[in-house]
Amino acid sequence: MKTTISEVDEQIYRISVEVPPESIPVPGGFTFNQYLLVDEEPLLFHTGPRPFFPFVEAAIEQVMPVKNLKHIGFSHYEQDECGALNEFLAAAPGAKPVCSQVNALINGGGMDRAPNGLADGATLRIGKKTLRWIDTPHLPHGWECGYMFEETTRTLLCGDLFTQPGSGMAPVTEADILGPSEAMRQGMDYYSHGTATNSLLHKIADTNPVLLACMHGSAWRGNGKILLLGLAGKLSGKN
Ligand SMILES: [Fe+2]
Ligand SMILES: [Fe+2]
């Protein structure tokens, strides 16, 4: 496995752990991305699965001391999103988990420090940057699912949305990611297809993101509203 760290916007780093095709049943391999937002109160979004902890920790140390992390956010409660949460809480004594209120309610007991469960629309100021929590239950999966939107850079930490197969891709791309992510979804549909899917995609599209910080594959720069509405169309079978 190879781990890389790249600055994808000002003081926003993508930490990517690449798993080769022979180790995972995904064509071309797979990437697991964490995003580090460096500010007065540094925030890590996603930890990676528990066995990845040493790799993600070493990558963060290239930019800042891990012990200074103050927030560890995650979209939903799954190994790749927060499997190494308790290892990070042990390494960073001042850090708190950050997640949805539902996640805090149903999974808080598994977190070694009490989580900061954010309500839909609540903001978290970490210094120059401010993050807004957006509830997206069951999109793509998990009742507790949600995303964070960084307002100064208009970066949407969009988790499993636009998951692309493969490894070794660029940290950021302006090329199409909807096509590759839809091709993957055809063979491995990880969506819940809840009744609110369309309205939730419109809700997050209304943040007008210019950078989509995908958890699997390249981050994407462009008109995020159009891409999110394109995904809404695909999921509703309208295009
Ligand atoms: Fe997931
Ligand atoms: Fe994921």
Next on the checklist: So for segment 6-20 (the condition being free of Cβ contacts under 8 Å to residues at least 60 places away in the same chain, outside any loop (DSSP other than H, G, I, E, B) and not aliphatic (A, V, I, L, M)), does at least one residue qualify?
Outcome noted: yes
Checklist entry - Residues of segment 58-109 being hydrophobic (A, V, I, L, M, F, W, C), out of contact with any helix residue (DSSP H, G or I) (no Cβ under 7 Å at 6 or more places or on another chain) and assigned to a helix (DSSP H, G or I), which ones? => result Ala58, Ala59, Cys82, Leu85, Phe88, Leu89, Ala90, Val102, Ala104, Leu105, Ile106
Checklist entry - Which one of Thr163, Thr155 is surrounded by 17 or more Cβ atoms within 10 Å (Cβ to Cβ) and within 16 Å of ligand 1 (Cβ to nearest atom)? => result Thr163
Checklist entry - When segment 166-208 is examined, which residues are found to be closer than 14 Å to Gly230 by Cα, in contact (Cβ under 8 Å) with a residue 60 or more places away in the chain and not aliphatic (A, V, I, L, M)? => result Lys203
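Rundown of residues vs (1) among the acidic types (Asp, Glu); (2) at positive phi; (3) modelled with pLDDT under 95; (4) touching a Ser or Thr at 6+ places or on another chain (Cβ under 7 Å), yes/no style:
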| site | (1), (2), (3), (4) |
| --- | --- |
| Arg113 | no, no, no, no |
| Asp120 | yes, no, no, no |
| Thr123 | no, no, no, yes |
| Gly142 | no, yes, no, no |
| Ala170 | no, no, no, yes |
Item to check | Check on Ile60, more than 19 Å from Ala114 (Cα to Cα), in contact with a Phe, Trp or Tyr (Cβ under 7 Å, 6 or more places away or on another chain) and not small (Gly, Ala, Ser) | outcome: no
Next on the checklist: Just checking, does segment 162-175 include any residue being part of a loop (DSSP other than H, G, I, E, B), away from ligand 2 (no atom under 16 Å from the Cβ) and over 25 Å from Pro49 (Cβ atoms)?
Outcome noted: yes
Item to check | Lone unmet requirement of (1) outside any helix (DSSP H, G or I); (2) within 16 Å of ligand 1 (Cβ to nearest atom) for Phe52 | outcome: (1)
Item to check | Among the candidates Cys99, Cys82, residue that is under 18 Å from Cys214 (Cα atoms), surrounded by 21 or more Cβ atoms within 10 Å (Cβ to Cβ) and touching a Pro at 6+ places or on another chain (Cβ under 7 Å) | outcome: Cys99
Next on the checklist: Looking at segment 213-224 only, could you name the residues that are away from ligand 1 (no atom under 16 Å from the Cβ) and closer than 11 Å to Phe149 by Cβ?
Outcome noted: Gly224
Checklist entry - Of (1) away from ligand 2 (no atom under 14 Å from the Cβ); (2) in a loop (DSSP other than H, G, I, E, B); (3) touching a helix residue (DSSP H, G or I) at 6+ places or on another chain (Cβ under 8 Å); (4) closer than 19 Å to Phe30 by Cα, Glu182 satisfies all except one. Which? => result (2)
Next on the checklist: Tell me yes or no: at least one residue of segment 200-211 is basic (Lys, Arg) and within 16 Å of ligand 1 (Cβ to nearest atom).
Outcome noted: no
Checklist entry - Does segment 196-207 contain any residue that is surrounded by 17 or more Cβ atoms within 10 Å (Cβ to Cβ), of a type in the set (A, V, I, L, M) and within 16 Å of ligand 2 (Cβ to nearest atom)? => result no
Checklist entry - assigned to a strand (DSSP E or B) and away from ligand 1 (no atom under 16 Å from the Cβ): does that describe Leu227? => result no
Item to check | Residue list for segment 134-151, filter: assigned to a loop (DSSP other than H, G, I, E, B) and in contact with a strand residue (DSSP E or B) (Cβ under 7 Å, 6 or more places away or on another chain) | outcome: Thr136, Glu144, Glu151
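The values are calculated or read from the model by the stated rules, or taken from the named source; none is laboratory data. Quick caveat: nothing in here was measured; it's all calculated off a predicted structure. Neighbour counts are summed over all protein chains in view; Cβ atoms, including those assigned to glycine, are modelled from backbone coordinates with ideal geometry.
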